[in-house]
Structures are given as structure tokens and as C-alpha cells.
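Trainee: Attaching a single structure in C-alpha cells format; questions to follow.
The values are calculated or read from the model by the stated rules, or taken from the named source; none is laboratory data. Everything numeric here is computed off the predicted structure, so don't read it as measured data. Please note: Cβ atoms are built from the backbone with ideal geometry, for glycine as well, and neighbour counts cover all protein chains shown. Protein only, heavy atoms only, side chains kept; ligands, DNA and RNA dropped before computing areas. Shrake-Rupley method; radii C 1.70, N 1.55, O 1.52, S 1.80 Å.
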Amino acid sequence: MLDSTRQFIQAMDAKNIKHSDIEVTDSGMEKVTVIYTGDSIPSIRMIFFFNKDCEDVAIRVFDIVKLPENKIDGFFKVVNEANRRFRFFKFVLDTNDNTVQAEMDAAFRTHDVGEICLELMGRCVDICDKAYPDFMKALWA
């Protein structure tokens, strides 16, 4: 287990936060999944990817909204508005599967990786939950 992954797991375990077991990707990164329920969004499935150098994490939330083909062009404006409104995480419209996802990358060189990742997780939940109503309003307009 990578040191950065270990620190994050220990920080979550100390706060009784449920998480997946560690998985290793084909590229050798370790990934941990955490799922939260927001006030607006039914489910926020965050995946934390830890690099072998233990100096960064990539956080991804896939499939926030699934779009029909006829909504794609108009949704770029909605995603851009969300990106102007929120800091730290960026929203991306993935045209390969017509979904909106959230992304964040963070670098660290510290022994506080667990606390840093917990803070980023909290921000992710808050941002996705606040952006979700705007995405749904645009989807159903």
C-alpha cells in the first residue's frame, strides 16, 4: 500500500467513514472509492487515485448527470457557468458517454495527506451537491 493511500485510509477509518477496499489500476495507481449522499444529489461516488510517487491525488466523480444526445450542445454553457461559480473542482462534459463529471488534482509533499484528502472530499461533496440542481434544471428545460 502506498503511503499516501495509507494515510487517507487511516484518516477515514478514524472518522468511521466507509470506503472501498484499495484497488490497483492497470497503470499501478491505487484507487479508493467513497460514496456520499447529498442534500440535492442522490449519490456522489468519489474515486481517489493515488500515484506511485505518493505526491498527488486525482479525485473524480463520474456520471453526475447523463445527457441525451439532443442536450449536449446546450450543456457546455451550463458546465462553464458551474466552473466559473466554483473553485477547486472543475466540471467536464465527457462527450464519449454524454455525462458530466467533476475532477480535481492535488499535489502534496506532506505527512498530512489524510487530512488534506478529507478536506478535499468535503469540498467535493459540497460543490457537487450545490451544482446538481443547476444541472438538473438545464437537463429538464
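Trainee: Kindly check whether there is at least one residue in the stretch 95-113 that is over 14 Å from the mean Cα position of the chain (by Cα) and among the aliphatic types (A, V, I, L, M).
Mentor: yes
Trainee: Looking only at the stretch 93-141, which residues are of a type in the set (Asp, Glu), open to solvent by 50 Å² or more (accessible area, probe 1.4 Å) and within 17 Å of ILE72 (Cα to Cα)?
Mentor: Those that are of a type in the set (Asp, Glu), open to solvent by 50 Å² or more (accessible area, probe 1.4 Å) and within 17 Å of ILE72 (Cα to Cα): ASP97, ASP134.
Trainee: Scan the stretch 17-33 for residues that are over 16 Å from VAL125 (Cβ atoms) and open to solvent by 80 Å² or more (accessible area, probe 1.4 Å) and jot them down.
Mentor: Scanning the stretch 17-33 gives ASP21, GLU23, VAL24, ASP26.
Trainee: Anything in the stretch 69-92 that is under 15 Å from the mean Cα position of the chain (by Cα) and surrounded by fewer than 17 Cβ atoms within 10 Å (Cβ to Cβ)? List them, or say none.
Mentor: Once the filter is applied, which keeps residues that are under 15 Å from the mean Cα position of the chain (by Cα) and surrounded by fewer than 17 Cβ atoms within 10 Å (Cβ to Cβ), the stretch 69-92 yields ASN83, ARG87, PHE88, LYS90, VAL92.
Trainee: Right, another one. Here are the criteria: (1) over 19 Å from PHE8 (Cβ atoms); (2) of a type in the set (Ser, Thr, Tyr); (3) surrounded by 15 or more Cβ atoms within 10 Å (Cβ to Cβ). Tell me which single one TYR36 does not satisfy.
Mentor: (1)
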